[in-house]
Amino acid sequence: MIKIVKKIKFSNDENRMSSVANTVKARSLYYSSKSKNVRFLLEKRFSWMNNFIDEKHVGIEVGSGAGFLRDFIKNKNLKLTDLGNDEHLDFKNIDAQNTGFSKDSFDYVIASNMIHHIPFPMKFFKEMNRILKRGGRLIIFESYCSLVFQIVTMIMRHEGFDFTVDVWDEEKAKSDENNAWHGNVAVPHLIFDDKNKFEEKLGKFFKIEYEKLSECFIFLNSGGVTSKTNCIPVNRFFFNIIHSIDRFLIKFFPNIFCMGRKIVLTKIN
């Protein structure tokens, strides 16, 4: 991983994105404008998850935010959960580190761009292992802290990254415990890139069933999902061209261009 600096953090006042943490506004903008840019991004970000979910499976999304995932998942038993209490949520005020759900409740759990917001990732993985049935899947989309991602983060002063934290430690928070929207986009890199360390810390809970890197310019020109910025509206034809360029760049230069990762973890005990 190419690191510009090892650690950088921004205050809320410095953030150059708009509508940060405003899921109600994000839903209003998304459903009123029918933004083709965002919809294309979300389709590529979520539709692949259907390959790991059967029709009869029962599952939840943790950290649902604006709740757009439901538009792309075919399974009718999906329930949305979050720390907040927005009307679109099926379960409100749910902490993904301590959900309160019964043991062995779900066939799958989806976590999209929320692990880098979790103060204590190890507590999160233990809790997901507890509420998943044996053989159940934790389906993840997360950030990939490439050179481009770091540059964009520094320009927009959004979230920040810290490669120096010990993600496996359960005593010191990796993000602000008092601000659910604060994030450390280096956390997924620290969890998933060192496979030996992953096996040491999480191997008794999960095995990696699937992993693929994805997206660069389709994300940059999406206009944002919840937090918003400017973008250039394009139709699906041109977005498919951009998507093809992304795939080429990510295949050969992932540490420079890649901005997302898809992962499926299977519970083993």
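The values are calculated or read from the model by the stated rules, or taken from the named source; none is laboratory data. Everything numeric here is computed off the predicted structure, so don't read it as measured data. Note: ideal-geometry Cβ built from the backbone for every residue, glycine included; neighbour counts use all protein chains shown.
Taking Trp181 as the residue in question, decide whether it is modelled with pLDDT under 95, hydrophobic (A, V, I, L, M, F, W, C) and assigned to a loop (DSSP other than H, G, I, E, B).
On the way: modelled with pLDDT under 95: yes; hydrophobic (A, V, I, L, M, F, W, C): yes; assigned to a loop (DSSP other than H, G, I, E, B): yes.
Here the answer is yes, as Trp181 does meet what is asked.
Give the residue, chosen from Trp181, Trp168, that is farther than 29 Å from Asn269 by Cα and either loosely packed, with under 15 Cβ neighbours inside 10 Å or not basic (Lys, Arg) (or both).
On the way: Trp168 fails: farther than 29 Å from Asn269 by Cα.
Result of the check over Trp181, Trp168: Trp181.
Inspect the stretch 137-144 for any residue being more than 21 Å from Phe46 (Cα to Cα) and either touching a residue at least 24 places away in the same chain (Cβ under 8 Å) or out of contact with any strand residue (DSSP E or B) (no Cβ under 9 Å at 6 or more places or on another chain) (or both) and give the result as yes or no. Walk me through it before giving the result.
In the first step, residues of the stretch 137-144 are kept if they are more than 21 Å from Phe46 (Cα to Cα); the result is none.
No, because not a single residue in the stretch 137-144 is more than 21 Å from Phe46 (Cα to Cα) and either touching a residue at least 24 places away in the same chain (Cβ under 8 Å) or out of contact with any strand residue (DSSP E or B) (no Cβ under 9 Å at 6 or more places or on another chain) (or both).
Any residue in the stretch 61-80 that is farther than 22 Å from His182 by Cα, out of contact with any Leu (no Cβ under 9 Å at 6 or more places or on another chain), basic (Lys, Arg) and at pLDDT below 95? Give the steps one after another, and end with the answer.
Kept after step one, since they are farther than 22 Å from His182 by Cα, are these residues of the stretch 61-80: 70-79.
Of the ones still in play, those that are also out of contact with any Leu (no Cβ under 9 Å at 6 or more places or on another chain) are 73-77.
Checking which are basic (Lys, Arg) leaves us with 74, 76.
Those still in the list that are at pLDDT below 95 too: none.
So far as the stretch 61-80 goes, no, none of its residues is farther than 22 Å from His182 by Cα, out of contact with any Leu (no Cβ under 9 Å at 6 or more places or on another chain), basic (Lys, Arg) and at pLDDT below 95.
Taking the options Asn15, Asn37, name whichever one is over 19 Å from the mean Cα position of the chain (by Cα) and closer than 26 Å to Ser146 by Cα. Step through it out loud before you land on a result.
On the way: Asn37 fails: over 19 Å from the mean Cα position of the chain (by Cα).
Answer to the check: Asn15.
Among Arg45, Arg39, which is crowded, with 16+ Cβ neighbours inside 10 Å and free of Cβ contacts under 8 Å to residues at least 24 places away in the same chain?
On the way: Arg45 fails: free of Cβ contacts under 8 Å to residues at least 24 places away in the same chain.
Criteria check complete, one pass: Arg39.
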